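For reference, the structure discussed in these notes is given below.
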Amino acid sequence: MMAKICRWIMYIMTIVSWFWLGMPIFAAMIHVPADQPTIQSGIDAAENGDMVLVSDGIYTGAGNVNISFSGKQITVKSRSGAEATIIDCEETPNTRGFTFESKETHDSVLDGFTIKNGVQDLGGGIYCHTASPTIQNCVITENRATATRFHAQGGGGIYGIDTRVHIIDCLITRNRAESGFGSGVLIDGDAVWTFNMLQSVILDNCTISDNIGSGVGCVDVSPVTIKDCTVLQNSGRGIVCTFFTRGISITHCRIEQNAGGGIECSEESYARIEDCIIKQNRAEYGGGIYCSPTSEIQVSGCIIAQNTATETGGGIDVISTRGLANITHCTITQNTAHDRGGGISTFIEFSQFTLTNSIVWDNHSHGKHPEISPGGRRVIIKSCDIQGGFAGMDREPDAEWFIYENNIDADPRFIDADNGDYRLEPNSPAASMGAQPPLGGITAVTHKAKRLVIWGELKIK
């Protein structure tokens, strides 16, 4: 008898706890337009845990634009994916697809829509403020942010401030920011410091391409994880981390053919760049990577190739007064600078530049120092393969301010450099140097179908 009473007590306590935690016992599915005429009315009718399932079609007008989740932990999902389910804002001023500003969490999921033709001051397609939804399998295209102040104004496709938004498996393309900054995605604000620091803004397996301005902008925010992404053919820099942006991790990405350069780290910012291919970008300073005087970069396992600087640092340009730059196990090749430092250019004052276990080969400069221009106080180069050695740098090692140790000057024997295959032949004298195949053989994604590729397929074409 006592055992039966105990079981009833446990049962009642379980039911009460469900209600106490606000967890629904049964989840509903609301169909749009069968059950509710618009996406917004479907959301309004939903409770936490429910799904709003949207049928194929083009959705416009009131109730289908400027949509709000209203703080609900629900999933709004298309029936057949982004190609078949389009939210068209019709270029109407002050109109965007979705707004998240009611403390939505990662359990607030937007899945499988095309959002296009939005026009707003910030976040033409999607706006997140003090909210951290999950946005996945979406196409964000041809949206516009009209605010014109350069920094912290933009987000033609997606704008997030004080957010930990997760953006997964999305195509963000052909958006515009009038400021020219963060035209694809702009993440602004440091509210993540007030959240669980194990969480971060995440861009995962996304393609950010053909935006008018920079592809991704990060301002005064930490941390941000950008992984397995392709950032391609944007008219500004591919990725910009600036104004006290800390803890940025860029891994397994392809940063290609951006007209304003590959990656920029500037204004008291810090970025870690690992196992990336950074190629065919063009900028005034730092065609592949630019690091400004007060910022820090850690770069490892990257191929930095065929980039161009119209001034200095075809592959990498580091101008540092008090920041640090560490480059290790990178292959830096076939880059060009007009002035100096076809591969790498540095100007170091009260900080340090370190290059280890890397290959710097077959870079070009129309001025001086085709491979490395080691300007400034403390430059350390160790265990690298440098074409021409230090003779091409116009600087003698002095064991204090310019340390040059255990380096070689020998053809690294790329498998097929003419066709962009920078793997090394088995008998390469630089076998322990340069970018190596990472654990598991996976290093990046292609921009077509977001297919994972193995190291052997990664040719710079």
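Looking across the stretch 384-411 at every residue that is hydrophobic (A, V, I, L, M, F, W, C) and modelled with pLDDT of 90 or more, the one that is nearest to H369 (Cα to Cα) is identified as I386. Among residues of the stretch 353-380 that are in contact (Cβ under 8 Å) with a residue 60 or more places away in the chain, those with a beta-carbon under 7 Å from a residue that is of a type outside the set (V, I, T) and surrounded by fewer than 19 Cβ atoms within 10 Å (Cβ to Cβ) at least six positions away or on a different chain give the pairs N357/S383; N357/S432.
Does T331 qualify as being in contact with a Lys or Arg (Cβ under 7 Å, 6 or more places away or on another chain), of a type in the set (V, I, T) and touching a residue at least 12 places away in the same chain (Cβ under 8 Å)? Walk me through it before giving the result.
Details: in contact with a Lys or Arg (Cβ under 7 Å, 6 or more places away or on another chain): no; of a type in the set (V, I, T): yes; touching a residue at least 12 places away in the same chain (Cβ under 8 Å): yes.
In short, no.
Taken over the stretch 161-172, residues that are under 17 Å from T146 (Cα atoms) and under 14 Å from the mean Cα position of the chain (by Cα) amount to 0. If you go through the stretch 314-330 one residue at a time, do you hit one that is touching a Gly at 6+ places or on another chain (Cβ under 6 Å) and of a type in the set (S, T, N, Q)? No, the conditions are met nowhere in the stretch 314-330. Of the residues A271, A309, A283, A325, the single one that is under 17 Å from E349 (Cβ atoms) and buried (at least 23 other Cβ atoms within 10 Å of the Cβ) is A325. Quick check on the stretch 50-64. Is at least one of its residues among the charged types (D, E, K, R), within 16 Å of A84 (Cβ to Cβ) and either part of a loop (DSSP other than H, G, I, E, B) or touching a strand residue (DSSP E or B) at 6+ places or on another chain (Cβ under 8 Å) (or both)? Scanning the stretch 50-64, I find at least one residue that is among the charged types (D, E, K, R), within 16 Å of A84 (Cβ to Cβ) and either part of a loop (DSSP other than H, G, I, E, B) or touching a strand residue (DSSP E or B) at 6+ places or on another chain (Cβ under 8 Å) (or both), so the answer is yes.
For the stretch 285-300, name all the residues that are among the small types (G, A, S) and over 21 Å from Q257 (Cβ atoms). Give the steps one after another, and end with the answer.
Within the stretch 285-300, the first condition is being among the small types (G, A, S), and the residues that meet it are 286-288, 292, 295, 300.
Residues satisfying the conditions are S292, S295, S300.
Of everything in the stretch 311-332 that is among the hydroxyl-bearing types (S, T, Y) and in a strand (DSSP E or B), the residue that is farthest from D385 (Cα to Cα) is S320. Can I278 be described as within 14 Å of the chain's Cα centre (by Cα) and not hydroxyl-bearing (S, T, Y)? Against the criterion (within 14 Å of the chain's Cα centre (by Cα) and not hydroxyl-bearing (S, T, Y)), I278 qualifies. If we keep just the residues of the stretch 94-126 that are of a type in the set (S, T, Y) and not in a strand (DSSP E or B), which is surrounded by the most Cβ atoms within 10 Å (Cβ to Cβ)? Going through the qualifying residues, I end up with S108. Among the residues making up the stretch 391-433, those that are part of a strand (DSSP E or B) and in contact (Cβ under 8 Å) with a residue 40 or more places away in the chain are F414, D416, Y422.
The residue pairs whose first member lies in the stretch 298-310 and is farther than 15 Å from E371 by Cα and in a loop (DSSP other than H, G, I, E, B), whose second member is modelled with pLDDT under 95 and among the aliphatic types (A, V, I, L, M), and whose beta carbons are closer than 9 Å, counting only pairs six or more residues apart or on different chains, are G301/A435; C302/A435. Within the stretch 226-235, restricting attention to residues that are free of Cβ contacts under 8 Å to residues at least 60 places away in the same chain and surrounded by fewer than 24 Cβ atoms within 10 Å (Cβ to Cβ), the residue that is farthest from D169 (Cα to Cα) is S235. Evaluating G375 against the criteria (1) closer than 26 Å to Q436 by Cβ; (2) touching a Phe, Trp or Tyr at 6+ places or on another chain (Cβ under 7 Å) leaves one unmet condition, (1). Of the numbered criteria (1) open to solvent by less than 10 Å² (accessible area, probe 1.4 Å); (2) assigned to a strand (DSSP E or B), the one E264 fails is (1).
Residues that are outside any strand (DSSP E or B) and at pLDDT 95 or above were ranked within the stretch 237-254; the one that is surrounded by the most Cβ atoms within 10 Å (Cβ to Cβ) is G238.
The values are calculated or read from the model by the stated rules, or taken from the named source; none is laboratory data. Just so it is clear, the structure is predicted and the values come from calculations on it, not from any experiment. Please note: Cβ atoms are built from the backbone with ideal geometry, for glycine as well, and neighbour counts cover all protein chains shown. Ligands, DNA and RNA are stripped out before the accessible areas are found, and what is left, the full protein with its side chains, is counted by its heavy atoms. Shrake-Rupley method; radii C 1.70, N 1.55, O 1.52, S 1.80 Å.
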